[in-house]
Structure formats: structure tokens, C-alpha cells
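The block underneath contains the structure these notes are about, expressed in C-alpha cells.
Please treat every number below as a calculation from the coordinates, not as lab data. Since the model is a prediction, treat every value here as computed from it, not as a measurement. Cβ sites come from the backbone with ideal geometry, for glycine too, and all protein chains shown count toward neighbours.
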Amino acid sequence: MGAAQEKRTDEIRIRLAERRDAAGIRAIYNHYVNESTAIFDLVPRTLDEQVQWIDEHAGGHPAVVAASHEGIGTRGGSDQVRFDERIVGFGSLSVFKPRPAYATSVEDSVYLVDTHQGRGIGRLILDELLRLAEAHGFHTVIARIVGDNDASIALHAACGFEIVGTEREVGRKLGRWLDVVEMQRML
């Protein structure tokens with residue numbers, strides 16, 4: 001099963017997540033924990049927990065990052081521009097359910113820094129996750145999306161996912177009852 005293929009758009013590269021990405025992934029994740037209903041988690045992750053999460057996604061259920069290469073000026077008076085890598089998004093494939101009969105199904109997740117939404121980066125991440133899911137021999141991918149996240153629902157629909165159900169008021173966060181839209185794509 002192949003490694004993630006590097007894909008670029010403008011200055012964005014999609015690649016497998018590595019331990020060195022933990023702080024960047026954690027910053028995005030914790031933003032959604034604290035400020036959004038997109039993640040049903042209520043407790044921010046520590047750096048150690050994020051590293052453990054990356055380790056858990058290093059095999060058959062991979063995680064990828066969208067890395068932005070941003071110029072930050074010149075070096076030593078030369079015209080050579082130095083670039084720093086910044087994690088602006090991430091996605092993962094996770095176990096759908098723990099029982100063995102579900103082993104050929106996975107759940108996907110995609111998250112972006114607010115300032116990088118609407119630029120096609122989520123599509124790059126999801127396309128790579130679908131490629132990896134197929135390469136790892138999975139049969140179907142499930143997306144479970146909070147009901148009012150129209151952008152994520154549209155992204156998944158554009159990638160061939162279909163709505164297969166809605167779970168009503170199954171979560172409560174930020175003083176609101178939350179629905180979950182379940183979408184599925186067969187590979």
C-alpha cells in the first residue's frame with residue numbers, strides 16, 4: 001500500500017501527517033473544540049495526546065496534512081526567499097466501528113484553518129483520503145457531519161458522497177442540540 005502522493009496547489013502540499021505536525025494539527029483541532037460545533041469533543045487535546053493520535057494514524061488509517069509554504073523574506077542579502085511550512089488543514093481516516101465486520105469501512109474527517117477555507121484545500125485533502133482509502137482496500141467511506149455545516153456537506157457531495165441519514169439531536173454543545181448528517185461513498 002503506497003504512501004501518500006504529494007499534491008500541490010499554489011503553495012499547498014498534501015502529505016502524510018508526521019509527529020512534527022502535532023502542534024499545527026492540535027491548534028486547528030482545539031480551535032474547533034473551543035469555538036465550533038464541528039467537533040463534538042469538549043476537551044482540548046494536549047500536545048502528547050496529539051502526538052499519540054498521529055501515531056495511531058500512521059498505518060492503515062492514515063492522516064494527512066495540508067502544508068502551506070509561506071515566504072517570510074530574504075536571507076543574507078541574497079534574492080533567495082526562505083519558506084516556512086505551516087499546517088493549514090488536516091484530514092484522517094478512522095475506524096468506523098470497532099467490531100470486526102466493519103473493518104472494510106472507514107470514517108473520514110477534514111478540518112481547515114478558517115483563513116484557508118473556500119480555496120479548494122478541503123477538496124485536495126478529501127481526494128487524497130479517498131485515494132488512500134482505496135489503496136488500503138477499504139470498501140466504503142462514511143462522513144458524519146454536524147447538520148448545519150453546509151460547506152462540509154457540499155464538499156462531500158462534490159466528491160461523490162450521498163446522504164444516507166440524519167441523526168436528530170444526538171449531540172449538545174455551545175448550548176445547542178446538534179443533528180449529524182451521515183454521508184457515504186462506495187469505493
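Here are some notes:
- Debye intensity ratio I(q)/I(0), log10, the chain, q values 0.16 Å⁻¹ (C-alpha model): -1.04
- Peptides 105-112, 18-25 ranked from most to least packed by the mean count of surrounding Cβ atoms within 10 Å: 105-112, 18-25.
- Global geometry of the stretch 91-187, whether rounded, prolate or oblate, following the gyration tensor of its Cα atoms and the 1.5 cut on a/c: oblate
- Separation of the D150 and R99 label points, Cα + 7 Å toward Cβ, nm: 3.7 nm
- Volume per residue of the convex hull around the Cα atoms, evaluated for the stretch 132-187, comes out as 87 Å³.
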